[in-house]
Every structure is written in C-alpha cells, then in structure tokens.
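Worksheet: the structure to be examined is printed underneath.
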Amino acid sequence: MEKQESSEESTKTIIFSQRKCIRHFNEVLSYIPGSTLQYDTDRAQVLKLKLPALNIGVFGSIGAGKSCLINTIESVISGEYSDRAGENRLAKEGDKCIVEATTAERIKVRVGQKICLVDNRGFPKKCDESIAEEVVKQCDGTRKFGSFVPEDWNNSSWQKFKDSISGSFRRRSLKQRVHCGILVYSLHDDTEPEEFKLIIDALRKSCGRFPIIVLTCADEVNEDVLRRRWAQFQALHCSRIFAIKNYNIRDSTPRMETDTTVVDILYNCCMISDQAFLQNMEESSCVCC
Ligand SMILES: Nc1nc2c(ncn2[C@@H]2O[C@H](COP(=O)(O)OP(=O)(O)OP(=O)(O)O)[C@@H](O)[C@H]2O)c(=O)[nH]1
Ligand SMILES: [Mg+2]
C-alpha cells in the first residue's frame with residue numbers, strides 16, 4: 001500500500017516537472033494582472049488597478065465541454081485531476097433536480113495564483129439579441145458569480161421588469177466582471193458558428209477583445225470537420241482558435257498535447273486581457289479627446 005502511494009507520488013512529481021517545461025507554464029502559474037506586458041512602466045500601470053484576479057468567462061452551448069475544459073485547465077495547473085466544475089453535474093432548480101445533467105450556476109474555479117475560470121449554463125438553442133444582452137450583463141459585473149442562471153437566460157418578463165426598475169441604479173461590481181471570454185464549441189455540434197455571431201460581438205464589446213475559441217472533441221472528428229469549423233470562426237474575426245481533447249472523469253491520464261494546448265489557451269487569455277487593461281487605462285486617462 002505504502003509502495004503504491006509513493007509510486008503515485010513520484011509519477012505526480014514527474015508529470016509536474018514535465019509540465020513545468022512547457023513554454024509559458026511558469027508565466028501562467030505565477031500570473032498577476034499585467035505581468036505579461038513587456039515594459040515595466042506598463043506593468044506598473046496595470047498593477048495600480050489592484051485587480052484581485054483575472055476572470056475568464058467560459059461560454060458555449062449545452063454539452064459543448066465547458067465544465068470539462070475548466071477541469072482540464074485546473075488539473076494541468078494544479079497537477080491533479082478533480083471534477084471541480086462538475087462535468088455533467090446534476091443541477092437544482094429550487095428544490096427540484098433538473099432531469100438532464102447540466103451546469104446551471106456560474107461556478108468560479110481558481111487556477112494558479114490570480115486566474116479564475118467562470119463556468120456557465122449552456123446557451124439555449126437559439127442565441128438571439130436577448131441572450132447577447134445577458135452575456136453583456138454578466139461581463140459588466142451586473143450578475144454575481146455563483147448565481148443561478150435560469151434556462152431562459154434571465155429573459156422572462158419578470159426578470160426584465162426587475163432589470164428595468166433597477167436600471168441605472170444597478171450596482172456593477174468590478175470584482176464580478178468578466179475580463180476575457182472563451183467560447184467553447186464541440187466539433188460534434190451541427191449548429192453553424194455563424195449562429196454565435198451575436199455572442200462573439202457581445203464578448204468583444206464587453207471584454208475589448210474577440211473571445212478565444214476552443215474546439216472540443218478534436219479527438220473524435222476528422223480533419224475536414226476541424227478545418228471547416230476553424231475557417232468559419234476565423235471568418236467571424238476570431239483569430240485565437242484552439243482544438244483540444246479534454247480530460248474527463250473517465251480518462252484523465254496526462255497527455256502532453258492537451259497540457260500544451262491548455263497552457264497556450266491560458267497564456268493567450270492573460271496576454272489579451274493585459275493588453276485590454278492597459279488600453280482601457282490609457283483611454284480613460286486621455287484628456288485630449
Ligand atoms: N471525447 C471527448 N469528449 C468530451 C470532450 N469535452 C467534453 N466531452 C464530453 O462531453 C460531455 C459534456 O461535457 P461537459 O463538460 O459536461 O459539457 P458542458 O458544456 O459543461 O455541458 P452543460 O453544463 O450541460 O452545458 C461529457 O460527457 C464529456 O465527457 C472532448 O474534448 N473529447
Ligand atoms: Mg457544464
């Protein structure tokens with residue numbers, strides 16, 4: 001028993017030391033907002049914001065692989081797989097359990113020192129203007145992390161009434177802001193990427209950058225599908241696209257390819273957010289226009 005435990009420990013140490021060799025792993029592990037900027041003066045500017053963490057919002061359709069991606073990222077950074085986000089979680093609506101297993105709350109999972117990933121309920125079949133509006137509300141800090149997202153994505157007339165009366169008095173918390181968006185898309189999905197245009201534009205407007213696209217189930221489709229979907233997202237102006245085979249509760253045996261992609265995704269999130277932080281600060285201090 002003891003022998004088995006010590007061999008598991010040494011395997012973990014080997015995996016962790018291999019991961020530490022991945023390009024940008026250490027930068028991601030020790031990331032604080034601003035740290036990927038090249039110049040000391042720029043870094044000092046962003047540090048002044050005193051952001052508690054970089055919040056990355058994970059969006060996508062039901063079953064796209066959002067929770068799996070969060071678990072995969074967390075496991076690569078922490079060195080140990082666990083189902084933190086709740087892959088196929090059984091959600092509760094009031095005191096009744098939702099029949100199909102799905103995420104229904106905006107669960108926040110911390111990875112590394114100062115990076116948080118925010119899971120979400122999957123989008124309904126049709127992503128119209130009202131869903132895009134709700135995405136903007138989530139990103140600007142109007143909705144709280146940890147809160148329940150109803151199936152209609154807060155588009156009932158009661159919710160709209162509540163939002164309209166709170167109107168300009170609505171409290172927007174800087175701590176609850178989403179700084180960077182990831183749009184997860186399963187390569188098994190037959191919804192055309194064009195259907196996400198409103199969401200992509202909403203994320204660009206709220207976060208100042210186009211979302212990062214993560215194509216899941218890359219292990220289960222042929223290259224033609226992958227190439228076609230990739231080109232379709234590029235045509236929507238998304239330039240940072242990654243294809244991944246996620247870890248899951250049944251298979252979390254470490255794979256170098258998955259680990260490298262995870263670090264690449266996170267590093268890109270950190271980089272584009274730092275650029276957006278700096279740009280926002282420069283624009284708000286500009287007195288000439
Ligand atoms: N083969 C394969 N299966 C995946 C991958 N990513 C996710 N899955 C599977 O897809 C299913 C749905 O994954 P989840 O992570 O729960 O998807 P979700 O987007 O969080 O779903 P909801 O919370 O219901 O919106 C699970 O059975 C996963 O094991 C992947 O990259 N490859
Ligand atoms: Mg989920």
Over the chain: helical MRE at 222 nm, DSSP H runs n ≥ 4 each giving -39500 (n - 2.57), nearest 500 = -13000 deg cm²/dmol
If amide H atoms are built 1.01 Å from N in the plane of the peptide, which residues on other chains or at least 5 residues away come under 5 Å of the amide H of residue 243?
-> 215
So what is the relative contact order for segment 167-289, in percent, with contacts set as C-alpha pairs under 8 Å and at least six apart?
-> 25
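Report relative contact order for the chain in percent, whole number only (criteria: Cα-Cα under 8 Å, sequence separation at least 6).
22
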Using the beta-carbon distance between residue 16 and residue 276 and R0 = 25 Å, what value does 1/(1 + (r/R0)^6) give for FRET efficiency, to the nearest 0.05?
-> 0.20
Starting from the Cα-Cα distance between residue 157 and residue 285, subtract it from 0.36 nm times their residue separation and give me the gain in nm to one decimal.
-> 42.1 nm
P(r), alpha carbons of the chain - 10 Å bins starting at zero, rounded % = 6, 27, 35, 23, 8, 2, 0, 0
Hydrodynamic calc, segment 219-289: Kirkwood Rh from Cα pairs, then Stokes-Einstein at 4 °C with viscosity 1.567 mPa s, so D in µm² s⁻¹ is 85
In nm, give the distance between the simple-model label positions of residue 257 and residue 231, each being 7 Å from the Cα along the Cα-to-Cβ direction.
-> 2.2
Karplus couplings for segment 74-86 from phi (6.51 cos²θ - 1.76 cosθ + 1.60, θ = phi - 60°), rounded to Hz, Gly and Pro as x?
-> 4, 5, 5, 6, 7, x, 9, 6, 8, 8, 5, 7, x
Starting from the Cα of residue 9, step 7 Å along the direction of its Cβ; do the same at residue 148; then give the gap between the two resulting points in nm.
-> 4.4
Would you please give the residues with an amide H less than 5 Å from that of residue 149, counting only those at least 5 places away or on a separate chain, with H modeled from the backbone geometry?
-> 105, 106
Local electrostatic count, residue 195, Cβ distance below 12 Å [Lys/Arg +1, Asp/Glu -1] | -2
Take each of the peptides 141-154, 252-265, average the number of other beta-carbon atoms within 10 Å over its residues, and list them starting from the highest.
-> 252-265, 141-154
For the chain, percent of DSSP beta bridges that are antiparallel (nearest 5) comes out at 30
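We did not get these values from a lab; they are worked out from the coordinates using the rules stated. These figures come from a predicted structure and were not determined experimentally. Counting neighbours? That spans all protein chains shown, and the Cβs are built from the backbone with ideal geometry, glycine included.
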